[in-house]
Structures are given as C-alpha cells and as structure tokens.
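Notes for the one structure printed next.
The values are calculated or read from the model by the stated rules, or taken from the named source; none is laboratory data. Note that the structure is a prediction, hence the values are computed from the model and not measured. With ideal geometry, Cβ positions are generated from the backbone for all residues, glycine too; neighbour counts draw on all protein chains shown.
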C-alpha cells in the first residue's frame, strides 16, 4: 500500500488507545496479540494491521444477534472489542486531539478511577 513506509508497532501510549475509551490492548472476536502494527506517515497511523478479527466481533446476523462468538466467549470481551472499534473510528475522524495537553488531567483522573 505504502511501500516507502514499513509497518511499525504502536506502543501502549499511542492515542489510539485513548481516543474515546481508555483501553489497555487491542481486542476483537479473538484476543490476539497485545499489539497493533501500523504504517505511520508523519505522526498519523494511516493503515492498521490487526490480528484480532475486529469486524467479526461486530458482525450481526439478519435476526439482529451477533453472527460469531468471541473467543473467549463473554459479554465483557465483546464490549472491549466494541470499545476498541469506537476508538479506531474516533481516531479516523479526530486524529490525535486526545494527545493535546489540555486533556491530560482529565485522562489521568479517568485512568486512576478505572483501576
């Protein structure tokens, strides 16, 4: 896709993990590795490489239920996958606005409350 930019591993402090929800790791239908690789141009990740079957976690049947079970099968696992998908959508729409220092105190309080 972008031959001049090889994939790099996004570290756990990347804005992708905090654009809307604070998530500790990528999650999809399957747990997969704890990392995301991306092609980064400038300071923006433009292509994400996931091994988590994220769209499989979001897929719905014609009846409205989920098409595929998560592995491990749990409500919480699917919710984490949905949160990660929301983060990706927010990153695409808003880029790195959560990296601004004006948001840092709020993010630190929120992270402390979630632990």
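Working only within the range 13-33, note down all residues that are over 18 Å from residue 54 (Cα atoms) and assigned to a loop (DSSP other than H, G, I, E, B). Give the steps one after another, and end with the answer.
Within the range 13-33, the first condition is being over 18 Å from residue 54 (Cα atoms), and the residues that meet it are 13-15.
Those that are over 18 Å from residue 54 (Cα atoms) and assigned to a loop (DSSP other than H, G, I, E, B): 13, 14.
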Residues of the range 60-74 being loosely packed, with under 12 Cβ neighbours inside 10 Å, at negative phi, in a loop (DSSP other than H, G, I, E, B) and without any contact (Cβ under 8 Å) to a residue 12 or more places away in the chain, in sequence order, are 61, 62, 63, 65, 73, 74
Odd one out for residue 70, checked against (1) touching a strand residue (DSSP E or B) at 6+ places or on another chain (Cβ under 8 Å); (2) at pLDDT below 95; (3) more than 24 Å from residue 110 (Cβ to Cβ): (2)
If we ask which residues in the range 18-48 are over 19 Å from residue 74 (Cα atoms), surrounded by 14 or more Cβ atoms within 10 Å (Cβ to Cβ) and in contact with a strand residue (DSSP E or B) (Cβ under 8 Å, 6 or more places away or on another chain), their number turns out to be 8
